[in-house]
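Visitor: Okay, here's the structure, questions in a sec.
The values are calculated or read from the model by the stated rules, or taken from the named source; none is laboratory data. Given the structure is predicted, the values throughout are model-derived calculations rather than measurements. Every residue, glycine as well, gets a Cβ built from its backbone with ideal geometry; the counts of neighbours run over all protein chains shown.
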Amino acid sequence: MKRFLRTENGTVSVYLILIIVPIFLFQAVLIDFARIKVAEKETESALHAAARSVMSSFDPELHKRGLYGMGLSQEASEKLLNDVFVQNLSGGVSESVVHFINTKAVDETLRVTPVYTLASHVIFEGQLLEDMKIKAPIEYTLEIVDKFQKSGVREPFQTGSQFAKEAAEIEKLIEQREGSLDEAWRSSETLYDKTIDFHSYYRNRVAELDKLAAEIGLHTVDEVRAEISQVQENLRSLSASIRNMDLSLSSLVQAGPEAAASIRSLVEAKSRLEEQAGMLSQKLNELEALVQKILTYTALVIATKLQVAADERVIQQLQQEIEPTLRQAKQKNDEIRSKLTGVTGSSTQGNSAAYAVFQHVSLIGDDYFYQYQTSIAGIAALFSSFRSAIESVILYTSANTSKVNQVNDSYLAVATDFHAKQSPIEKSRMDTNEATMTNKQTQKNKIQAIMDQAKKAIGGCNITGTQSGDSVAYSKIQGNLGYYQKYRQANAQDTIIGNDVAYDIEKAEPASMRAMDMLGVINSAAEVLRDELYVNEYALTKFNFRTYGLEKDPSGNPKLSNELADPGTHALVNQEVEYLLYGFSTCAANMSSAYAEMFSLRLAIRTVEALLDPKKELLQIGSPLLVFLAAAAQGAAEALVDMNALVKGEAVELSSKLSTSALKLTYKDYLRLFLMLHSNNTKLMSRMQALHELETGIDLSQMSAYIQANATSEIRLWFIPQIMKLLDGTGLLGCKVVGTHCQMNRAAVVSY
């Protein structure tokens, strides 16, 4: 045994085994590892090829409209995915040939999962942008914007828009000032009328009190009543004596003739007593009348003091109404002065002659307000003095009566003097305002008459045989749970019908003012984002509009679309872009909005032209709004002529007076401009999606544009699977060892 252990026979062999076996094992693992990595690449390439093959089966109808959506069912797409995947694997060919890589698909592991559809605004917009980048119509859009900027209309547009805003602001201040002055004058006239009434009333009352005071003298009620009591006592005594004499006379009469002398004497005495009693009765009546006069006098004095206090409150209330109103009028007058200073010093006036009107705007001097308020305060103060005089008098002696009448005359004198001086000023001011208002109303009536004509000329929907079809189409698009609402909900957005922009030509002044606002917006139109311009141009190329087929090319031939799907054959005839812009559920509403906005823009341009040469007699009036309305009336008439040409498909020059270069725009060009001005991609895209579904009958929410493909393949391990399994948990393999095979799960994401 010791010899066996110590012998050196076979040492080399053992040594070689110890060296070669690890090398062999390493080589075996390395070969399988390399085969796995190659199989992974092969699987990924095969899966991507299969996924692209699935996506290549796009819907042809949508393709005509520049959209790509997978046109296969779930079952068909998975079958195609499986077929292409298997064919692109090395194990998918004949097994009679030995391959270094023999990757095979694992049955029932292939899946196609739609991730996003054309209902998504992100996907939908992405495809629109790709389509428009290829056709590059944006160059024309940029050219239009560039022409606007370089045509020379930027400054006149800015000036016209600024004039309209400044005219409206100053006119509003003028109206507020004049309204406050009118209110103050109405209260002032009431105050004047009250002073006349009060003066007359208290003149009569003081005269009455003076008369009673003269009749009463220095008597008091208590004194007179004591005297009445004494007289009444004397009357009672005399009455008793007279009754006693009557009894005595009766006795003497019965005594006979011998008592004749006594009877005569007694009768004479009785007569004297009766005469005294009559005098006392008369005095008693006089005293009782005097008491009544004293009571009447006292009541009148008290009532007069109460009445004058109440009347003073009336005067003070009128003063409290007049003075704040005057302060408000003065504040507005100061604001007008400040605004005019800013306008005359502004650099935006340009060459617009209309700005001369601001030099004639009426400004009221501070003396006017000072004199006005001083007079009102003086009348109130003098009436308060009159009240104090009334309250201080108890007995209306001639001196007191004269004093009270003098104070009563004082406040009336000031009120009369104020009214005499102020009344002509106020009458002239109000007559001027009335004439200006009448003139403004005349201009408004002219504008309104033209707008009424424009409303009658809107049209665009009275196409024989299409009205009932339009109703059905709009019901599908925007009826209860229509296509539009569906795509809005799919993008987690509100389903409100219509746009945030709605134009009308109902009222003259608001419509004219809003038209001028558009000019300022147009000046910044070039700042719109490129992607928004692409989306807008897609709308104009894929859909029809009112003058589609009416506009002519330079050769005089109708301009038609070169698109694979002709917009002229769509269900909504010549109204789709208008719907995309405004989003109402009837042709009439969309057409009228487009017409009104286009009319407003032409009105604004023509108004700016008219402001370049306003009537001088209007400038002298000093009403900026009147100058603007007169220009708008002239502009409205010319704008209506422009609109009649535009809806016929003709091109109308932007402005011959404002522009330094000729620039003619068609109805379509104005739609292009409005799409830029009212860019709202989310609503616009939902409406485009709805129109596509209306035309094709294809639900875009079922049209996949972004899918995920999943597949599992496997490769047979040539050498020691157990060792490879040990590496399974390390993350180095990229596959999972199952028996003698290594399975690979892969996913591929593909979009159009």
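Visitor: Select the helices (runs of 4 or more DSSP H) contained entirely in region 577-669, then report the ones holding at least 2 residues which are at pLDDT 90 or above and in contact with a strand residue (DSSP E or B) (Cβ under 7 Å, 6 or more places away or on another chain). Steps first, answer last, please.
Guide: Values: elements: 587-611, 616-621, 624-646.
Output list reads 624-646.
Visitor: Condition first: modelled with pLDDT of 70 or more and either outside the structural domain of GLU576 (by TED's automatic domain parsing) or among the hydrophobic types (A, V, I, L, M, F, W, C) (or both). Now tell me which residues in region 522-533 satisfy that.
Guide: LEU533 - this is the single residue of region 522-533 that is modelled with pLDDT of 70 or more and either outside the structural domain of GLU576 (by TED's automatic domain parsing) or among the hydrophobic types (A, V, I, L, M, F, W, C) (or both).
Visitor: Another question, then. What single numbered condition from (1) of a type in the set (Lys, Arg); (2) surrounded by fewer than 24 Cβ atoms within 10 Å (Cβ to Cβ); (3) closer than 19 Å to ASN491 by Cβ fails to hold for ARG687?
Guide: With respect to (1) of a type in the set (Lys, Arg); (2) surrounded by fewer than 24 Cβ atoms within 10 Å (Cβ to Cβ); (3) closer than 19 Å to ASN491 by Cβ, ARG687 is out only on (2).
Visitor: Does ASN439 qualify as being assigned to a helix (DSSP H, G or I), outside the structural domain of LEU640 (by TED's automatic domain parsing), modelled with pLDDT under 85 and among the polar types (S, T, N, Q)? Break it down into steps so the answer makes sense when it comes.
Guide: Values: assigned to a helix (DSSP H, G or I): yes; outside the structural domain of LEU640 (by TED's automatic domain parsing): yes; modelled with pLDDT under 85: no; among the polar types (S, T, N, Q): yes.
The answer is no for ASN439.
Visitor: Condition first: at pLDDT 70 or above and polar (S, T, N, Q). Can you find one or more residues in region 730-739 that meet it? Show your work before the answer.
Guide: Taking region 730-739 as the starting set, the residues that turn out to be at pLDDT 70 or above are 735-739.
Going one step further and asking which of them are polar (S, T, N, Q), we end up with none.
No: zero hits.
Visitor: Would you point out which residue out of ASN590, ASN536, ASN574 is crowded, with 19+ Cβ neighbours inside 10 Å, free of Cβ contacts under 8 Å to residues at least 24 places away in the same chain and assigned by TED's automatic domain parsing to the domain that holds ALA473?
Guide: Details: ASN536 fails: free of Cβ contacts under 8 Å to residues at least 24 places away in the same chain; ASN574 fails: free of Cβ contacts under 8 Å to residues at least 24 places away in the same chain.
Testing whether each residue is crowded, with 19+ Cβ neighbours inside 10 Å, free of Cβ contacts under 8 Å to residues at least 24 places away in the same chain and assigned by TED's automatic domain parsing to the domain that holds ALA473 leaves just ASN590.
Visitor: Hey, another quick one. List the residue pairs whose Cβ atoms are under 9 Å apart, where the first residue sits in region 49-62 and is closer than 23 Å to LEU564 by Cβ, the second is among the hydroxyl-bearing types (Ser, Thr, Tyr) and in a loop (DSSP other than H, G, I, E, B), and the two are 6 or more positions apart or on different chains.
Guide: Pairs that qualify, where the first residue is closer than 23 Å to LEU564 by Cβ and the partner is among the hydroxyl-bearing types (Ser, Thr, Tyr) and in a loop (DSSP other than H, G, I, E, B), are MET55/TYR68; MET55/TYR752; PHE58/TYR68; PHE58/TYR752; ASP59/TYR68; LEU62/TYR68.
Visitor: Would you tally the residues in region 472-501 being in a loop (DSSP other than H, G, I, E, B), within 30 Å of VAL115 (Cα to Cα) and either among the hydrophobic types (A, V, I, L, M, F, W, C) or not assigned by TED's automatic domain parsing to the domain that holds ASN590 (or both)?
Guide: Total meeting the criteria: 4.
Residue-by-condition table, conditions (1) farther than 24 Å from LEU173 by Cβ; (2) touching a strand residue (DSSP E or B) at 6+ places or on another chain (Cβ under 6 Å); (3) among the hydroxyl-bearing types (Ser, Thr, Tyr); (4) part of a helix (DSSP H, G or I):
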residue	(1), (2), (3), (4)
ILE322	no, no, no, yes
LEU340	no, no, no, yes
TYR368	no, no, yes, yes
GLN373	no, no, no, yes
ALA380	yes, no, no, yes
ALA399	yes, no, no, yes
GLN406	yes, no, no, yes
TYR411	yes, no, yes, yes
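Visitor: Something else about it: For region 406-419, state whether one or more residues are within 20 Å of GLU215 (Cα to Cα) and at pLDDT below 95. Even if it seems obvious, please write down each step before you answer.
Guide: Taking region 406-419 first, the residues within 20 Å of GLU215 (Cα to Cα) are none.
No: region 406-419 contains no residue that is within 20 Å of GLU215 (Cα to Cα) and at pLDDT below 95.
Visitor: Out of the residues in region 107-130 that are acidic (Asp, Glu) and surrounded by fewer than 19 Cβ atoms within 10 Å (Cβ to Cβ), state the one that is modelled with the highest pLDDT.
Guide: Initial filter on region 107-130 (acidic (Asp, Glu)): 107-108, 125, 130.
Next, only the ones that are surrounded by fewer than 19 Cβ atoms within 10 Å (Cβ to Cβ) stay: 107-108, 130.
Numbers: ASP107: 80, GLU108: 80, GLU130: 86.
Going through the qualifying residues, I end up with GLU130.
Visitor: Let me ask something else. In this structure, is GLU617 in contact (Cβ under 8 Å) with a residue 24 or more places away in the chain and surrounded by fewer than 21 Cβ atoms within 10 Å (Cβ to Cβ)? Working first, answer last.
Guide: Working: in contact (Cβ under 8 Å) with a residue 24 or more places away in the chain: no; surrounded by fewer than 21 Cβ atoms within 10 Å (Cβ to Cβ): yes.
No.
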